[in-house]
Amino acid sequence: MSNQTPIRVRFAPSPTGNLHIGGARTAIYNWAFAHANEGTFVLRIEDTDPLRSSAENTAQIIRSLRWLGLNWDEGPETGGELGPYLQTERFDTYDKALARLQERGNAYPCFCAPEELHNKREAALAAKQNPVYDRCCRDIDPDEAQQRIVAGEPHTWRLKIPLDRGAISFDDTVYGTVTVPLEQLDDFILVRSDGKPTYNFVVCVDDALMQISHVIRGDDHLSNTPKQILVYEALGYPTPQFAHLSMILGSDGKRLSKRHGATSVEAYQEAGYLPEALVNYLALLGWSLDGETTIIDADTLKTQFSLDRISKSPAVFDEKKLDWVNQSYLKELGSAGFVDAWLPYLEADGLATAAKVAEKRSWFEDIYPLVVERVHTLSEINPLVNYLFGETVSLDEKSVEKCLAGEGTGELLESITALLQDENLKWEHEALDTALRGLAEQRDIKPKIVFQALRVATSGNMVSPPLLESLELLGREVTLARLEAAKPFAG
RNA sequence: GGCCCGUUCGUCUAGCGGUUUAGGACACCGCCCUCUCAAGGCGGAGGUCACGGGUUCGAAUCCCGUACGGGCUACCA
């Protein structure tokens, strides 16, 4: 790469809610692109809408980004040369930008009343015409305009777009050349009558002043881009390279929303997904390394990510595949990492405290190989291993019927009890396995009958993690107590 | 209404005019393994590359239309 201008990208969420799956993917692409090109990743909060924005949402978004491991080089909390990074702290910057536009003769005041504009719009729409502003204030004599402003007449400021251009076109990294006829663009409002700047204005000012080289964002902004290019030009600033991302859809092909279930990063965190897995899955939703690889860790993303492999069409979010990716990350965790990740769930369900886990660390770590290939998320662990905790266990009715109620099972449980009571039997899964198989042979029944009866008696269910390892974790005493408690249910 | 954009197995995608009988992954089905469930191994089914026209010796790949989907068209972001 022989770029003269340094690579600088930004993620610019507006804190009108928490961090969304779609926003997270945009952040991942920006973050990965910055790293892959030794660039700078900037976080900017677009909180200019006081009604919909909140500090809590900003904090929430920041928390989610941190959790995902998408750390920024400049932005809230970290600071930077080109801040502040909250738009609400940048109003003076926007005032200056407007002044710059005024000096350059590229902005003019508009005194049209909102309802007047609205009526014209409706009329144009009714006449099936393109509802662009008719520029009736564009040619008001500057002196007259100045007098009206001084007299306190309400006004907005509009961009004086060049009318001598046939079309605006730009080269989008993802979509290629996009061309929009000039007649589609109007002298849109830069600053409202209350003095507040609009989105299409501030986004350009900020990106220009923060020296953003590549704008990577959702494709809902693709149509806004020509307008923004006009703002850059009017300001006399260079235009960044644009790369627009298609949106993420729900399983029904409609835009991802609450009806599809969890859509916030936080919800996936609570559901027990690992941040590395979410990042991996999301990165692959609209981008591919080579079309073959599905497990791509953060380090690989940080070196191999490229904008030219982003796909143009929208992608459907598939939770099943996320589950699979998450499980493969769980398998990479190792027992120590697994217990650390599991701890919050143990505490939340009251199964164990941090102190208890520290005390019986190896006992908890031994659970790892038993459950890791049986769960997709951390939140699935507790229901699966619940039976390993406490003295007693409740027996599942169906399982009792199927594996305990049969004739002779009571007698079988007695034999098992006798066998397990023997202090000479080493309480270790291989020894237990040998002993129990011996019992089956002795009674001339399939080992499965023995194992299933014992499984239901000790775990409460005919489906459980490996039996013998479970007994090992349960200990002889608890195992025998549970056998005793199960006998009344046996046939 | 106008303009912009998209369309490869159910889903995520590979594919940049011939090496393609369209490859991989998830999901699905079967077999093996097996104390249940998983995990794993092996195998299978699944795509007339939205449709219709061109261009070309040759098209999923290039061009034009049509359909469907999405976006923008605000004193929202």
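What follows draws every value from the coordinates through simple rules; no lab data is involved. In this text the structure is predicted, and so the values were computed from the model without any measurement. Methodologically, a virtual Cβ is constructed for each residue, glycine included, from the backbone with ideal geometry; neighbour enumeration extends over all protein chains shown.
Before moving on, here are some points about what is shown:
- Positive-end residue of A:250, A:301, A:79, charge dipole of chain A with Cβ unit charges: A:250
- Among A:41, A:177, A:239 the positive-end extreme of the charge dipole of chain A (Cβ point charges): A:177
- Dimensions of the stretch A:114-171 along the principal axes, based on C-alpha atoms and rounded to the nearest Å, stand at 40, 31, 18, largest first.
- HN-Hα J in Hz across the stretch A:441-446 - Karplus 6.51, -1.76, 1.60, θ = phi - 60°, x for Gly and Pro: 5, 4, 8, 6, 10, 5
- Using the Karplus relation 6.51 cos²θ - 1.76 cosθ + 1.60 with θ = phi - 60°, the per-residue 3J(HN,Hα) values for the stretch A:12-18 come to 10, x, 9, x, 9, x, 7 Hz, with x marking Gly and Pro.
- Candidate aspartates and glutamates - alpha carbon under 18 Å from residue A:448, same-chain residues fewer than 8 apart omitted: A:401, A:407, A:411, A:414, A:430, A:433, A:469
- Charge dipole (Cα centre; +1 on Lys/Arg Cβ, -1 on Asp/Glu Cβ; no other charges) of chain A amounts to roughly 1000 debye.
- Which of A:101, A:400, A:464, positive extreme of dipole for chain A (C-beta unit charges): A:101
- Qualifying trypsin sites (Lys or Arg not before Pro) in the stretch A:123-221, where qualification requires a DSSP coil assignment and no more than 10 other C-beta atoms within 10 Å, comprise A:128.
- Under 10 Å, Cβ to Cβ, from residue A:39 - net charge with Lys/Arg +1 and Asp/Glu -1: -1
- Less than 5 angstrom separates the built amide H of residue A:287 from those of A:311, all sequence-distant by 5 or more or on a different chain.
- Of all DSSP-defined beta bridges confined to chain A, some 55% are antiparallel rather than parallel.
- Backbone HN-Hα couplings from phi across the stretch A:84-101 [Karplus 6.51/-1.76/1.60, Hz, Gly and Pro as x]: x, 10, 10, 4, 5, 9, 10, 4, 5, 5, 6, 4, 5, 5, 5, 4, 4, 5
- Tensor-based shape of chain A (alpha-carbon gyration tensor, a/c under 1.5 rounded, otherwise prolate or oblate): prolate
- Interchain or long-range residues, amide H under 5 Å from residue A:188's placed H: A:159
- Amide H contacts of residue A:255: A:250, each under 5 Å away and 5 or more positions distant or on a separate chain (H built 1.01 Å from N in the peptide plane; Pro and chain starts excluded).
- Cα centre as origin, Lys/Arg/Asp/Glu Cβ charges: the stretch A:207-355 dipole, Debye: 580
- Contact order normalised by residue count of chain A, Cα under 8 Å, 6+ apart, percent: 13
- P(r) weight above 20 Å for the stretch A:1-68, C-alpha pairs, percent: 32
- For the stretch A:66-154, a crude dipole built from +1 on the beta carbon of Lys and Arg and -1 on the beta carbon of Asp and Glu, taken about the Cα centre, is about 380 debye to the nearest 20.
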